[in-house]
Amino acid sequence: MKRTLFIVILSVISSHLIKAQIAGVEKSVFNAQTGILGVWINQEQRLSNETVLRSEIGLDGQLWGGTIYSGTRFALQPIFTLEPRWYTNLEKRAIKGKPTANNSGNFIGLKISYRPDLFVISNASNTLVIPDLFIAPTWGLRRRLGQHLNFEWGFALGGMYTYYRRIGFTDNEFELAIQMNLRIGLNLN
């Protein structure tokens, strides 16, 4: 009886260890991604079996137009982002036989992005960019498409601090901001 109980306990423990090894995040994932308005390069570095630190640099796009402007205008502004992410369902995906490679799973994170006024690429002359800092909890999903492609969708609701004083206005401003992203990318590992 004791031997049977020992074998059952050992089987359960080894099963959980094997699932944890199969379902863990990658040690390092390096991507180039593009979305509706922008291009980014990012790396996810493993912190634990389910968490990563994502660092990203890119060009974030903006569109505007209307009756004040003649035609539609766009601008690309540099952006730097750090985001710790917790991949919440990797073990469930592995048990169901779904892929977890390249961190394919659902995630929760804390996004911290800074857009400085270093330069701007625009179709309008004298385009003014206003630096801002965005901090928000995020929720999203990442899926692998074939061997080298990935798809990512995310939603963030948080605060944006805009540095108006740097461009000559009297006050800075803090406001509620929503950010959604839809990206397709190439794994560069």
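None of the figures in this text is laboratory data; all of them are computed from the coordinates on show. Here the structure is a predicted model, which means the values were calculated and not measured. Positions of Cβ are generated from backbone atoms using ideal geometry, with glycine treated the same way; all protein chains shown enter the neighbour counts.
Scan region 93-110 residue by residue and report those that are more than 12 Å from the chain's Cα centre (by Cα) and either in contact (Cβ under 8 Å) with a residue 12 or more places away in the chain or surrounded by 14 or more Cβ atoms within 10 Å (Cβ to Cβ) (or both).
At the first step, the residues of region 93-110 found to be more than 12 Å from the chain's Cα centre (by Cα) are 93-102, 104-105.
Selection gives 93, 94, 95, 98, 99, 100, 101, 102, 104, 105.
Yes or no, residue by residue, for (1) over 20 Å from residue 37 (Cβ atoms); (2) of a type in the set (A, V, I, L, M, F, W, C); (3) touching a His at 6+ places or on another chain (Cβ under 8 Å):
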{"position": "95", "(1), (2), (3)": "yes, yes, no"}
{"position": "117", "(1), (2), (3)": "no, no, no"}
{"position": "133", "(1), (2), (3)": "no, yes, no"}
{"position": "138", "(1), (2), (3)": "no, no, no"}
{"position": "144", "(1), (2), (3)": "yes, no, no"}
{"position": "152", "(1), (2), (3)": "no, no, no"}
{"position": "185", "(1), (2), (3)": "no, no, no"}
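Within region 111-138, track down each residue that is aliphatic (A, V, I, L, M) and within 13 Å of the chain's Cα centre (by Cα).
Going through region 111-138, the residues aliphatic (A, V, I, L, M) turn out to be 112, 118, 120-121, 124, 128-130, 133, 135-136.
112, 135, 136, listed by residue number.
Condition check: surrounded by fewer than 12 Cβ atoms within 10 Å (Cβ to Cβ), among the charged types (D, E, K, R) and in a loop (DSSP other than H, G, I, E, B). Does residue 117 satisfy that?
Working: surrounded by fewer than 12 Cβ atoms within 10 Å (Cβ to Cβ): no; among the charged types (D, E, K, R): yes; in a loop (DSSP other than H, G, I, E, B): yes.
Against the criterion (surrounded by fewer than 12 Cβ atoms within 10 Å (Cβ to Cβ), among the charged types (D, E, K, R) and in a loop (DSSP other than H, G, I, E, B)), residue 117 does not qualify.
Can residue 71 be described as not in a strand (DSSP E or B) and not β-branched (Val, Ile, Thr)? Full working, then the answer.
Working: not in a strand (DSSP E or B): yes; not β-branched (Val, Ile, Thr): yes.
Yes, satisfied.
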